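Notes to accompany the following structure.
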Amino acid sequence: MASYSISAHAAVLPGKDTPVPATLTITNGKITAIAEGVDEGADVVVAEPKVLLPGLVDAHVHLNQPGRTTWEGFATGTAAAVAGGVTTIIDMPLNSIPPTTTLEGLAEKRAAALETGVKCDVGFWGGIVPGNADQLVPLLEQGVKGFKCFLINSGVDEFRHVEESDLVIACDALAAANTNALVLFHAELEKHAHEGAEPSHESPDAYSTFLASRPESLETDALALILSLARRYPTLRFHIVHLSAAEALPAIRAARSGADGGSPVANLTVETCFHYLTLRAEDIPANATQFKCCPPIRDETNRLAIVDAVLDGTIDFVVSDHSPCTPELKKGDFMSAWGGISGLGFGLPLLHTQLAGKVTLPRLVHLLATAQARQVGLDKTKGSIQVGGDADLVIFDPTTEYSLSEHDLFFKNKLSPYLGRKLVGRVERTILRGEAVYVADKGHMGVSGVLV
Ligand SMILES: [Zn+2]
């Protein structure tokens, strides 16, 4: 590919609090120069109100291939990603069959991705399950970004949850090999499972019934275990996926500062999801199982506290946790339906709309791209507009108003709690390594993603 230039009246660049005029030179898919100011003679000129952003990163996505391709797949999942400006996703180790808990599982997943083709760049998480400690260091050497585990039933038989003793074996293996591996927790723990009554299954059509079955204490109990591991293994890194419970926030802050009496915890990061920032339990209709996920969407007071934690940096970044299934599995009531929300690609317009006046575009880019690229070790090439980085770019119009319709859903199963939602801000064009891969009103072009 030859060299070309993109000039923007407003571009989000590292270290700048507001979008600034900039002209990029792109050569062979890389950004090779960034000049201040606008060049009206550039090959592509991005005029206001449009803004040039780096391609977004979503570090929490379930594409479910191979094995459950009726739920999602590499083709449809990555199509949804680029339509929302997401140029890099990291695929979770479970819900595919086999799960990514062995070298063979990783090889099968990579082969399926390459055979199918991907429209954005794709990386992989490994998983920790009972008995696979000997696979962890080899998986890291093969490029997985870290390891997800569950402290509670994962929902699928082939990805068993772990006990503290399993985690000690796994962390010992990772620490002994001098890795600084990242361990990700689905942070719900049934510490008192045998002490209390079974959750009520009365009125399973009411969201409140499901919400009551997944109290905040599951998350705070899990946090206590995670903090003890973080202190026990200071050379490893620990991460809480999809934090929902505001009750956990004071303990996270206290652990980081050492105000809880222990050593300050510097090796813990936390993510939350679009849905915990934009949806409220009070608004969820009976049997609207497209809103069901674990941990659950909670009430408005909780939502506001989670928003504050994103704004003050307690929560490091925001992901989709795109976790679809077939419409069949979403039938029925809240207690029986599959839990998982489809939202891949909606983060930028959702948060730009919901957090209007509270965050700037550069701050959104930090939450949706830069911080996540750094988390998975791709920050030299992804997550910001930088010389030497991949020319993964998004042209975003922050002023376009629309309602999200089925038209905007590129993932396989067209079920989402965001259908009908009014949004402000639309991705006009997504560029992957210098090439347009999605243009609004025209659609997708090409399959040029690679495995990262
Ligand atoms: Zn997930």
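The values are calculated or read from the model by the stated rules, or taken from the named source; none is laboratory data. Remember, it's a predicted structure, so these values are computed and weren't measured experimentally. Quick reminder, even Gly has a Cβ in these numbers, built from the backbone with ideal geometry, and neighbours come from all protein chains shown. To get the accessible areas, we keep the full protein, side chains included, count just its heavy atoms, and leave off ligands, DNA and RNA. Shrake-Rupley method; radii C 1.70, N 1.55, O 1.52, S 1.80 Å.
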- Message: Tell me the net charge near residue 166. Cut-off is 15 Å between Cβ atoms, residue 166 excluded, with +1 for each Lys or Arg and -1 for each Asp or Glu.
- Response: -1
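Where does the chain land on Rg/Rh, using Cα atoms and the Kirkwood Rh?
Details: Rg = 21.2 Å, Rh = 22.2 Å.
Expressed as Rg/Rh, it is 0.95.
Could you tell me what percent of the DSSP beta bridges with both partners in segment 316-452 are antiparallel, to the nearest 5?
Working: 14 of 15 bridges.
The answer is about 95 percent antiparallel.
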- For the chain, averaging the sequence separation of alpha carbon pairs under 8 Å that lie six or more residues apart and dividing by its residue count, the contact order in percent is 21
- Item | Inter-probe distance in nm under a simple model that places probes 7 Å from Cα toward Cβ, at residue 103 and residue 17 | 5.2
- Note on the structure: Looking only at aspartates and glutamates whose Cα falls under 13 Å of residue 412's and that sit 8 or more positions away or on another chain, we get 72
- Message: Compute the distance from the alpha-carbon center of segment 232-272 to that of segment 15-59, in whole Å.
- Response: 36
- Scattering profile of segment 72-193 at q = 0.15, 0.23 Å⁻¹ [log10 I(q)/I(0), Debye over alpha-carbon scatterers]: -0.69, -1.30
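Quick one: net charge of residue 369's neighbours, Cβ under 13 Å, K/R +1, D/E -1?
For residues surrounding residue 369, the net value is -3.
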- Determine, from the Cβ-Cβ distance of residue 208 and residue 328 and an R0 of 22 Å, the FRET efficiency 1/(1 + (r/R0)^6), rounded to the nearest 0.05. 0.30
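Looking at the chain, send over the antiparallel percent of its DSSP beta bridges, to the nearest 5.
Working: 31 of 63 bridges.
If I count the DSSP bridges inside the chain, around 50 percent turn out antiparallel.
Cβ neighbours within 10 Å, averaged per peptide: list 165-174, 179-188 in order, most packed at the top.
On the way: 165-174: 18.6, 179-188: 23.3.
The most tightly packed comes first, giving 179-188, 165-174.
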- Counting only protein heavy atoms, what percent of the accessible surface of the chain is carbon or sulfur at a 1.4 Å probe? 51
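What size of dipole, in debye to the nearest 20, comes out for segment 13-110 about its Cα centre when the only charges are +1 on Lys and Arg C-beta atoms and -1 on Asp and Glu C-beta atoms?
Values: 6 positive and 11 negative charges, 68 e Å.
Taking the Cα centre of segment 13-110 as origin, the dipole is about 320 debye.
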- Summing Lys, Arg as +1 and Asp, Glu as -1, what charge do residues with Cβ under 10 Å from the Cβ of residue 10 carry, residue 10 excluded? 0
- Under a no-solvent Debye model with one identical scatterer per Cα of segment 5-145, what's log10 I(q)/I(0) at q = 0.12, 0.22 Å⁻¹? -0.62, -1.19
- Whole-Å distance linking the alpha carbon centroid of segment 290-363 with that of segment 88-102 is 21
- In order over segment 286-292: 3J(HN,Hα) from phi, Karplus 6.51/-1.76/1.60, θ = phi - 60°, whole Hz, x for each Gly or Pro, gives 4, 6, 7, 6, 5, 8, 7
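Could you report segment 103-239's accessible area per residue, 1.4 Å probe, as an integer in Å²? List each step's numbers first, then the result.
Details: 6050 Å² over 137 residues.
Counting only protein heavy atoms, the per-residue value for segment 103-239 is 44 Å².
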- Item | Of 30/145; 330/414; 16/50; 119/442, pairs whose Cα-Cα distance is over 20 Å | 30/145
- Accessible area of segment 308-382 divided out per residue, in Å², using a probe of 1.4 angstrom: 32
- Message: For a protection proxy built on the mean count of beta-carbon atoms within 10 angstrom, sort 370-378, 48-56 highest first, please.
- Response: 48-56, 370-378
